[in-house]
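Peer 1: Okay, here's the structure, questions in a sec.
The values are calculated or read from the model by the stated rules, or taken from the named source; none is laboratory data. Everything quoted here is computed from the prediction, not taken from an experiment. Here the Cβ is made from the backbone with ideal geometry for all residues, glycine too, and neighbour counts use every protein chain on show. Each accessible area value is taken on the protein alone, full model and side chains, heavy atoms only, with ligands, DNA and RNA left out. Shrake-Rupley method; radii C 1.70, N 1.55, O 1.52, S 1.80 Å.
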Amino acid sequence: MVLVLVFGVALLVAVLLSGLAARTVLSTSFLFLVGGALVSDGFLGLIHITPDSGIVSVTADLALFAVLFTDGMHVSFAKLRANWRNPARALGLGMPLAFVFTALLTHFLVGLDWTTSFLVGAVLAPTDPVFASAIVGRKEVPAKLRELLNVESGVNDGLALPVVLLLIAAAGPAVGHAGEASFGKIALELLLGLLFGVVLPLLVNGLVRFRLLGAEPKLQPLLPLATGIILYAACHLTHANPYLAAFSAGAVLAGVSPEAGEAFEPLGEALAELAKFAALLVFGALLTPALFGGLSLGGYVAVVLAIVLIRPASLLISLVGTRFSRREKLTAAWFGPKGFASVLYGLLVLQSGIPQAREAYTLIAVCIAFSIVAHSSTDVPIARMFDVEDLVGIPDDDDHDRAPAAVQGARTH
């Protein structure tokens, strides 16, 4: 009950400060992270959570499913077909470059084996604009920049997931025939998850179209929720991968039934936010002084380089030849927060029992903590830079190609 009380108090404080957070460098996600750390054994000792606690795995499981389901519903196939080039560059070139370069840093600076190093790279590759909300949520920021960051972050969670799971299997103690069986099991779970994620929404959509069936407007938001609950239970009963199922189901449901996606969006966003906050509180409780003290100097160097060099360089390379201005490219390159999916993938690594799980998790956790502080404290000032310069009519030398509608939208904000 102490944990429930702490979560309720943290939620109340976050809601009361959310207006201030939207205008300043304060972040509601950061509040939950700090709140979890303050009430943990490392400080006030009000709650006692260890990496082996059941609450860690349960919270991570539910939160990751909820977040991937809502992320999938944000995938617009129509928009992807119309504006696929820039996000495709970020996902097809920028993300793999960040993955590989982070793995190299991890191996040579931290000393983890190659498989675990690539696992760390896969966990830290996804981005999440929730820690840079002023960039993706303010209309004064150019629309094509917001679209790039939104599409990239919405899709890269699902792309990284199979790689993370396969690398966890590869990093385990199983060798020889057992190792092959482990890979086969993972592949079967992923295929089943994908199958469930595609078939169930299509089945539900088919049922809705029967003449005698259909949801009345006030209950329509519960249709995707019911689909998600059934999917979650079915995956756990059959050992199908629930996370790939969640992402694919959200995308398919939004594609075949846009009206259901629109009706579910407010409820889905609220549920996903609650799940995120709960997982961040638990994650924050694991950020003890002992954890930060357990990372070597090489690990801290790797963390800083991953944030200030690897992500920016990888995305800048992927955007060479695009019509983004210099300022837009630099903004997109900087805002690659190690996001919420990385938090949950890191907890999966910690729970996996692989030989170097603790060392990998320590590096991942410190990198996420540093990233949250760095990115959530710089999004408002950089967003205001776009706002101020557009409002006073100061042209950017590299900004001629910006769409007039975007400029007009900025001036009327």
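Peer 1: For residue 188, only one of the following conditions fails: (1) at pLDDT 85 or above; (2) open to solvent by less than 40 Å² (accessible area, probe 1.4 Å); (3) out of contact with any Phe, Trp or Tyr (no Cβ under 8 Å at 6 or more places or on another chain). What is its number?
Peer 2: Only one criterion in (1) at pLDDT 85 or above; (2) open to solvent by less than 40 Å² (accessible area, probe 1.4 Å); (3) out of contact with any Phe, Trp or Tyr (no Cβ under 8 Å at 6 or more places or on another chain) is unmet by residue 188, namely (2).
Peer 1: Can you tell me which residues in the range 199-222 are in a helix (DSSP H, G or I) and either open to solvent by 50 Å² or more (accessible area, probe 1.4 Å) or charged (D, E, K, R) (or both)?
Peer 2: Residues of the range 199-222 that are in a helix (DSSP H, G or I), as a first pass: 199-208, 217-219, 222.
Of everything in the range 199-222, those that are in a helix (DSSP H, G or I) and either open to solvent by 50 Å² or more (accessible area, probe 1.4 Å) or charged (D, E, K, R) (or both) turn out to be 199, 202, 203, 207, 208, 217, 218, 219, 222.
Peer 1: Within the range 385-407, is even one residue at pLDDT 80 or above and of a type in the set (D, E, K, R)? Please lay out each step first, then the result.
Peer 2: Our first condition is that a residue be at pLDDT 80 or above; within the range 385-407, this holds for none.
No: zero hits.
Peer 1: Residues that are over 25 Å from residue 312 (Cβ atoms), modelled with pLDDT under 80 and of a type in the set (A, V, I, L, M, F, W, C): which helices (runs of 4 or more DSSP H) entirely in the range 32-141 hold 1 or more of them?
Peer 2: Values: elements: 54-73, 77-82, 85-89, 95-105, 114-124, 133-136.
Passing ranges, in order: 54-73, 77-82.
Peer 1: Another one. Give the residue that is least open to solvent (accessible area, probe 1.4 Å), with candidates limited to residues of the range 246-265 that are under 19 Å from the mean Cα position of the chain (by Cα) and not small (Gly, Ala, Ser).
Peer 2: The qualifying residue least open to solvent (accessible area, probe 1.4 Å) is 247.
Peer 1: Can you tell me how many residues in the range 227-245 are out of contact with any helix residue (DSSP H, G or I) (no Cβ under 8 Å at 6 or more places or on another chain) and open to solvent by less than 80 Å² (accessible area, probe 1.4 Å)?
Peer 2: The initial filter retains those residues of the range 227-245 that are out of contact with any helix residue (DSSP H, G or I) (no Cβ under 8 Å at 6 or more places or on another chain), namely 229, 233, 237.
This time we only want the ones that are open to solvent by less than 80 Å² (accessible area, probe 1.4 Å), so: 233.
Summing the residues that are out of contact with any helix residue (DSSP H, G or I) (no Cβ under 8 Å at 6 or more places or on another chain) and open to solvent by less than 80 Å² (accessible area, probe 1.4 Å) in the range 227-245 gives 1.
Peer 1: Name, by its number, the condition in (1) among the charged types (D, E, K, R); (2) over 30 Å from residue 242 (Cα atoms); (3) crowded, with 21+ Cβ neighbours inside 10 Å that does not hold for residue 311.
Peer 2: (2)
Peer 1: Additional query: What number goes with the only condition from (1) open to solvent by less than 10 Å² (accessible area, probe 1.4 Å); (2) closer than 30 Å to residue 256 by Cβ that residue 65 does not pass?
Peer 2: Result: residue 65 fails condition (1) only.
Peer 1: Quick check on the range 11-25. Is at least one of its residues buried (at least 19 other Cβ atoms within 10 Å of the Cβ) and modelled with pLDDT of 85 or more?
Peer 2: Step one: of the range 11-25, the residues buried (at least 19 other Cβ atoms within 10 Å of the Cβ) are 11, 14, 21.
After this cut, where a residue has to be modelled with pLDDT of 85 or more as well, the list is 11.
Scanning the range 11-25, I find at least one residue that is buried (at least 19 other Cβ atoms within 10 Å of the Cβ) and modelled with pLDDT of 85 or more, so the answer is yes.
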